[in-house]
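Novice: Dropping a structure here in structure tokens format, bear with me for questions.
The values are calculated or read from the model by the stated rules, or taken from the named source; none is laboratory data. None of the values given here were measured: they were computed from a predicted structure. Please note: Cβ atoms are built from the backbone with ideal geometry, for glycine as well, and neighbour counts cover all protein chains shown. Surface accessibility is based on the protein's heavy atoms, side chains included, excluding ligands, DNA and RNA. Shrake-Rupley method; radii C 1.70, N 1.55, O 1.52, S 1.80 Å.
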Amino acid sequence: ADRRKGDEARMRKQGIDPSRGEDLAWGGAVVSRRQHRQTKVDAEAEKLREEAEALPMDPLQIIGKRPEARLKWLQKALMLASKGRGRVPIGSVYDIVTQSRFVSGVNHGVG
């Protein structure tokens, strides 16, 4: 049985002299050890970061999409801009949406 740091003090507290080798009568003490916390990566924040990185922000690429796909891109961009804490720059989204070609070809059924 190996002695740990502080065992001698605990033995003296119980009336046992640790220098005499009387540690056979001492049953030890339960000492809790600190469990270090593992840093957890927030799964939702990681997912938002990956979606923001995958979102195309090139105006020519977005304007080249079909009107339904542009609407879907706009919904995703606005959602990521509101939740992503600046991961999707709202100014860039505004610049793309205000171009006249962004709404060209959109009928009433799309939105």
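Novice: Here are some conditions: (1) in a helix (DSSP H, G or I); (2) open to solvent by less than 100 Å² (accessible area, probe 1.4 Å); (3) among the basic types (K, R). K47 meets all but one. Which one does it not meet?
Specialist: Only one criterion in (1) in a helix (DSSP H, G or I); (2) open to solvent by less than 100 Å² (accessible area, probe 1.4 Å); (3) among the basic types (K, R) is unmet by K47, namely (2).
Novice: Consider R85 carefully, then state whether it is without any contact (Cβ under 8 Å) to a residue 24 or more places away in the chain, under 30 Å from G6 (Cα atoms) and in a loop (DSSP other than H, G, I, E, B).
Specialist: Here the answer is no, as R85 does not meet what is asked.
Novice: Same structure, new question: Specify which of the listed residues (R87, R37) is open to solvent by 50 Å² or more (accessible area, probe 1.4 Å), in contact with a helix residue (DSSP H, G or I) (Cβ under 6 Å, 6 or more places away or on another chain), at pLDDT below 90 and not acidic (D, E).
Specialist: Residue meeting the stated conditions: R87.
Novice: Take D23 and decide whether it is modelled with pLDDT under 80 and in contact with a Phe, Trp or Tyr (Cβ under 9 Å, 6 or more places away or on another chain).
Specialist: Criteria not met by D23.
Novice: Just one of the numbered conditions (1) in contact with a helix residue (DSSP H, G or I) (Cβ under 9 Å, 6 or more places away or on another chain); (2) of a type outside the set (S, T, Y); (3) open to solvent by 60 Å² or more (accessible area, probe 1.4 Å); (4) at pLDDT 90 or above is not true of V103; which one?
Specialist: Answer for V103: the failing condition is (4).
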